[in-house]
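*Asks:* Pasting in a structure now, in C-alpha cells, and then I'll have a few things to ask.
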Amino acid sequence: MIVFDLKCSTGHRFEAWFRSSNAYEEQQAVGLVECPHCGSNEVSKALMAPNVASKGNQKSEVASVAAKAGDPKLQEVVEEAQKVLAKLKNHVEANCDYVGDKFADEARKIHYGEAEERGIYGESTLQEAKELLEEGVEVMPLPGLGRKDA
C-alpha cells in the first residue's frame, strides 16, 4: 500500500491510500479519485514534504520556517528541493521493489547473494539501518518514502 497527499482543483488537500503508484494513476485517469471535501474528481498529487517524521499533509519544518521568515528566495529553494525529492521518490517507486518492513532482511539477502540483486525500498528501524551499515550493506534513507504500511 502507498499513501499520497492529493489536492483537488478547488484547493482541498487530503491523503488517500492506493495499492501502488500505478493503481493511483489508473484510477485517476478514469476519474475514480475524488475529493472527500467537495466531490471533485479533478485531483492531482500534491508535493509531499521531505520531512519523514511529519504527517504527509503538513508542511515540513524547513518549509514552515521559510514561510514564516517571509523570504521568497528561501521558499523558492525549499519548493525546488521538494520537487527534486518528489522526482526521486517517483523514480524509486517506479524502478525498485517495495519490500515493506522486511527491508533489512531483504537487503541482507541481496548483499550476501541469497536473493536476486535489485533495487528495493521499504522500512527499517534506525537500529536495523545501523546494523546494515556496520555489515557493509549500502543503504540510504529516502525522505518522503515512509508510511507505506496499511
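The values are calculated or read from the model by the stated rules, or taken from the named source; none is laboratory data. A quick note: this is a predicted structure, and the numbers were derived from the prediction, not measured. With ideal geometry, Cβ positions are generated from the backbone for all residues, glycine too; neighbour counts draw on all protein chains shown.
*Asks:* Could you tell me how many of the residues in segment 73-111 are under 22 Å from residue 3 (Cβ atoms), of a type in the set (Asp, Glu) and either out of contact with any Ser or Thr (no Cβ under 8 Å at 6 or more places or on another chain) or assigned to a helix (DSSP H, G or I) (or both)?
*Replies:* So the answer is 4.
*Asks:* Separate question: Looking at segment 1-46, which of its residues are hydroxyl-bearing (Ser, Thr, Tyr) and not in a loop (DSSP other than H, G, I, E, B)? Break it down into steps so the answer makes sense when it comes.
*Replies:* Filtering segment 1-46 for residues hydroxyl-bearing (Ser, Thr, Tyr) gives 9-10, 20-21, 24, 40, 44.
Once the filter is applied, which keeps residues that are hydroxyl-bearing (Ser, Thr, Tyr) and not in a loop (DSSP other than H, G, I, E, B), segment 1-46 yields 21, 24, 44.
*Asks:* From (1) at pLDDT 80 or above; (2) among the small types (Gly, Ala, Ser); (3) loosely packed, with under 15 Cβ neighbours inside 10 Å, pick out the condition that doesn't hold for residue 70.
*Replies:* That leaves (1) as the condition not met.
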